Amino acid sequence: MAKEPLRVLVTGAAGQIGYALVPMVARGAMLGPDQPVILHMLDIAPAAEALNGVKMELVDAAFPLLKGVVATTDVVEACTGVNVAVMVGGFPRKEGMERKDVMSKNVSIYKSQASALEKHAAPNCKVLVVANPANTNALILKEFAPSIPQKNITCLTRLDHNRALGQVSERLKVQVADVKNVIIWGNHSSTQYPDVNHASVKTSSGAKPVRELVANDEWLKGEFITTLQQRGAAIIKARKFSSALSAASSACDHIRDWVLGTPEGSWVSMGVYSDGSYHVPAGLIYSFPVTCKNEEWSIVQGLSIDEFSRKKLDATAQELSEEKSLAYSCLQ
Ligand code: NDP
């Protein structure tokens, strides 16, 4: 029997990432090739015409899985009945703006969208925040949508995770699908810590640790990390536009693995509500290694953390605590 359609909200849908994301959702890259979807696209009034253009293209593409499109500037209409919410819309950093001003704009956007989701989304709606500062926007959303379980509110660090897989695969000249279990710890910002201490590569003679195969700690602790931190900027320099394709693809990966599960023996990185694991302060949205089963994520426990990693985990937690204080100060 055919499945009932699921409703997927994309905010900021007329923007760069939104434009790359909606056709992926309509093709089944997010929820599977047998799952019909109804797309809810939200944008602000100045983008209404562009949003309507995106809707026209979705009709023209005749996606068999796409059972309906809602394109709106009304946040309540956008959030009504949604099963999955991908929050891409946000106030961009503009030259000369203070950090606090950008935070304040995003706090007010996420506060109002949280209230609409709280009242109108389907029970058990799963939320993924992409717009920056993603971890802290997710925290604000959690605060103002108290009836959505806190385990349902997450942010995107999967792009950083996928970038780390890509860098290891290029360095070792192996297929990216044979590399697994890298970790992105912390904030989706330049303080994030890409960790390969537990990562491995599938070879004809079994799984081998990435650290052993790379055999160059200087590269792993230096250029590997800075390349990932600066990858977004490098893509903007090359393309003159942001890394929308890979951001959209990673958003699909994030939701797909959350809903359909991670393969046995593999984990992924997700920004999730910290329960104090690995001595990360509880109450932050922090990126951890997670496995997913039955539509729930669990933080991978018991990984050893060396001294170098400990400092990196703490530094990115510190930045998130400061962002949290700044965001809460904008609420007063
Ligand atoms: P993009 O679609 O390129 O980016 C959207 C958001 O995703 C930004 O916050 C961006 O952060 C973030 N992001 C996270 N990861 C990445 C990545 N790897 N690459 C690029 N961006 C990433 O922005 P556009 O300006 O094209 O689109 C934004 C849309 O949001 C517009 O359609 C606009 O109308 C809408 N909007 C909605 C608002 C609302 O809901 N009230 C308010 C303002 C805008 P960063 O800024 O750090 O690049």
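The values are calculated or read from the model by the stated rules, or taken from the named source; none is laboratory data. Nothing here was measured: the structure is a model prediction, and the numbers come from that model. For neighbour counting, all protein chains shown are included, and Cβ atoms are generated from backbone atoms with ideal geometry for every residue, glycine included.
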Next item on the list: Give the residues of region 20-48 that are within 15 Å of the ligand (Cβ to nearest atom), surrounded by fewer than 24 Cβ atoms within 10 Å (Cβ to Cβ) and either hydrophobic (A, V, I, L, M, F, W, C) or closer than 15 Å to G90 by Cα (or both), sorted by residue number.
Entry: A20, M24, I44, A45, P46, A47, A48
Next item on the list: For region 91-141, enumerate the residues that are away from the ligand (no atom under 14 Å from the Cβ), assigned to a helix (DSSP H, G or I) and closer than 21 Å to Q318 by Cα.
Entry: K100, L139
Checklist line | Failed item, numbered, when S304 is tested on (1) surrounded by 13 or more Cβ atoms within 10 Å (Cβ to Cβ); (2) at negative phi; (3) not β-branched (V, I, T) | finding: (1)
Notebook entry, point to check: Among (1) modelled with pLDDT of 95 or more; (2) within 16 Å of the ligand (Cβ to nearest atom); (3) touching a Ser or Thr at 6+ places or on another chain (Cβ under 8 Å), where does V280 come up short?
Noted result: (2)
Checklist line | Filter result for G68 (within 22 Å of the chain's Cα centre (by Cα), away from the ligand (no atom under 15 Å from the Cβ) and surrounded by fewer than 22 Cβ atoms within 10 Å (Cβ to Cβ)) | finding: no
Note to self: I'd like to check something: does region 251-258 contain any residue that is acidic (D, E), in contact (Cβ under 8 Å) with a residue 60 or more places away in the chain and either surrounded by fewer than 20 Cβ atoms within 10 Å (Cβ to Cβ) or within 14 Å of the ligand (Cβ to nearest atom) (or both)?
What the structure shows: yes
Next item on the list: Can you work out which of the residues in region 75-90 that are assigned to a loop (DSSP other than H, G, I, E, B) and farther than 12 Å from G12 by Cα is nearest to the ligand (Cβ to nearest atom)?
Entry: V82
Check: If only one of N216, N187, N181, N162 is in the same structural domain as A315 (by TED's automatic domain parsing) and more than 26 Å from M30 (Cα to Cα), which one is it?
Finding: N216
Check: Taking region 262-280 as the search range and keeping residues that are under 16 Å from G302 (Cα atoms) and small (G, A, S), which one is surrounded by the most Cβ atoms within 10 Å (Cβ to Cβ)?
Finding: S269
Next item on the list: Please tell me if I17 is surrounded by fewer than 19 Cβ atoms within 10 Å (Cβ to Cβ), closer than 23 Å to Y110 by Cα and of a type in the set (V, I, T).
Entry: no
Note to self: Is it the case, given these coordinates, that I109 is crowded, with 18+ Cβ neighbours inside 10 Å and either modelled with pLDDT under 95 or out of contact with any helix residue (DSSP H, G or I) (no Cβ under 7 Å at 6 or more places or on another chain) (or both)?
What the structure shows: yes
Check: When you look at G12, is it within 29 Å of V259 (Cα to Cα) and either free of Cβ contacts under 8 Å to residues at least 24 places away in the same chain or of a type outside the set (S, T, N, Q) (or both), yes or no?
Finding: yes
Margin query: When the residues of region 142-160 are narrowed to those that are part of a helix (DSSP H, G or I) and within 12 Å of the ligand (Cβ to nearest atom), which ends up surrounded by the fewest Cβ atoms within 10 Å (Cβ to Cβ)?
Written below: L159
Margin query: Just to confirm my filter: which helices (runs of 4 or more DSSP H) fall fully inside region 188-288 and include at least 1 residues that are of a type in the set (S, T, N, Q)?
Written below: 223-239, 244-260
